[in-house]
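The structure appears right after this line, and notes come after that.
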Amino acid sequence: MLMIQKSFTEAARALSLWVGMLIDEAHSHPDADKRAAADDLVQMLTPIIRRTSPTWAASARTSRCRPMAARLHPRERRRAAGARARITQLYEGTNGIQALDLVGRKLPMKGGQAAQRLLGEMSAFITANKTNDRMKEFVEPLEKALAACRTRHSS
């Protein structure tokens, strides 16, 4: 249970760091096309980061039905952690608003160009790591999910 919690936290941090690097690139890259591409990815990923942020993850682990944290921490600490996570979640905006932003504004943005950039990044990752045996368990499910996404999008 601790490893599951750790993996979610580390994934959220990694995604946040990547978007931070993209923000820097969007503001200061010498190539205007690279700046635009980075900005498209930042726009697409911002609502996703808010949903996967460490704050949201903390809230999910402490306040959901039968949370993992409930089995790991004493009751008093669990309640306090849940309250802190919920309060910080309010600072970031509600998940519903973030979902509406993603679906209503970000996906159709620039005729879907920003969404296609994100899918292109995923495709490039798959291509770069497909022959790496150590990455196989991650790349294969991603490739299937991406193919399913593209199939739904094209129909």
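Okay, residues lined up against (1) surrounded by 14 or more Cβ atoms within 10 Å (Cβ to Cβ); (2) at pLDDT 80 or above; (3) in a helix (DSSP H, G or I):
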residue	(1), (2), (3)
THR55	yes, no, yes
ARG78	yes, no, yes
ALA81	yes, no, yes
ARG105	no, yes, yes
GLY112	no, yes, yes
ALA115	yes, yes, yes
THR127	no, yes, yes
LYS136	no, yes, yes
CYS149	no, yes, yes
Discussion item. Quick check on the range 1-38: of everything there that is basic (Lys, Arg) and either closer than 19 Å to LYS110 by Cβ or in contact with a Leu (Cβ under 9 Å, 6 or more places away or on another chain) (or both), which residue is surrounded by the most Cβ atoms within 10 Å (Cβ to Cβ)?
Written reply: ARG35
Worksheet item: Before we move on, is ILE97 assigned to a helix (DSSP H, G or I), at pLDDT 90 or above and either farther than 14 Å from VAL42 by Cα or of a type in the set (Asp, Glu) (or both)?
Response: no
Discussion item. Condition first: within 30 Å of PHE138 (Cα to Cα), touching a Lys or Arg at 6+ places or on another chain (Cβ under 8 Å) and either part of a helix (DSSP H, G or I) or at pLDDT 90 or above (or both). Can you find one or more residues in the range 11-24 that meet it?
Written reply: no
Worksheet item: Of the residues that make up the range 25-32, is at least one touching a residue at least 24 places away in the same chain (Cβ under 8 Å), of a type outside the set (Phe, Trp, Tyr) and part of a helix (DSSP H, G or I)?
Response: no
Discussion item. Let me confirm something: among GLU121, GLU143, GLU92, which residue is surrounded by 12 or more Cβ atoms within 10 Å (Cβ to Cβ), of a type outside the set (Lys, Arg) and modelled with pLDDT under 60?
Written reply: GLU92
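The values are calculated or read from the model by the stated rules, or taken from the named source; none is laboratory data. This is a predicted model, so every value here is computed, not measured. We place every Cβ from the backbone using ideal geometry, glycine too, and count neighbours over all the protein chains shown.
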